[in-house]
Amino acid sequence: MILANFPACGQEGYIKLLNDSILHGYLRKYVSFQDSHQGFELWKTKKDKSPRKIPKVDISEYAIKKDTFKVLQQFRPFDNEKTYFELVDALLKSRGKVDLYVITQVSTRGGGYVSGGISTPTITTATEIYVLEDKKSNVLRALPLRKESLKEALKEFFPEGYVSKYEEVYGRITFKNLVDFVKLFNSK
């Protein structure tokens, strides 16, 4: 109970604003009670008496410890589907000529009651959406969730010869080895 009265200081990191300025300090997430917008409190020191509140809509990227996130706004990952994110954090997995991000989408269903007072179980599933960003052209696109379409989608970001050579040496490109594939490409 005593600890609940003291504000918990955040983790060391940085925030990159939409205007490309970078702010360093201690970060702590917050959700506004008035309008439910998300953001961060930026503390200059661990004992900062008046931390700066920065809404997430003003942030393009942030990092906490070793994890870096790109804030995607009004992002529709797939052209033909209804999936849409007003605001979503994408975890950076590889940075270079082509950046690779992962969005973890969590959905919950069930947990209701049916007649007779019997409850149905709550089922939580997580889907990982992989997003590539070409730094030259600024193209940002999600990879298809079906493994069969993955190779074709990669050819938009990587030379066809590189994709074929990688598969000759390391085997078929799947979501399990996608991070290694992109890191190898970025290392050259």
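Things worth noting here:
- Summarising the label geometry, the points placed 7 Å from Cα in the beta-carbon direction at residue 172 and residue 87 lie 4.1 nm from one another.
- Convex hull volume of the Cα atoms of segment 11-52, normalised per residue: 79 Å³.
- Burial order of peptide ranges 32-41, 127-136 (average beta-carbon count within 10 Å, highest first): 127-136, 32-41
- Projected area averaged over orientations for segment 143-183, convex hull of C-alpha atoms, nm²: 2.7
- P(r) tail fraction, segment 21-108 - alpha-carbon pairs more than 22 Å apart, %: 36
- All other residues whose Cβ lies under 10 angstrom from that of residue 12 are scored, Lys and Arg at +1 and Asp and Glu at -1, for a net of +2.
- For the pair residue 47 and residue 162, label points projected 7 Å from Cα toward Cβ lie 5.1 nm apart.
- Neighbours of residue 41, meaning other residues whose beta-carbon lies under 10 angstrom from its beta-carbon, give a summed charge of +3 when Lys and Arg score +1 and Asp and Glu score -1.
- Over all other residues within a Cβ to Cβ distance under 11 Å of residue 142, the charged ones net out to -2, with Lys and Arg as +1 and Asp and Glu as -1.
Bear in mind that the values in this text are calculations on the coordinates, not laboratory data. Predicted model, so just to flag it, every value in this text is computed and none were measured. Neighbour counts run over all protein chains shown; Cβ positions are idealised from the backbone, glycine included.
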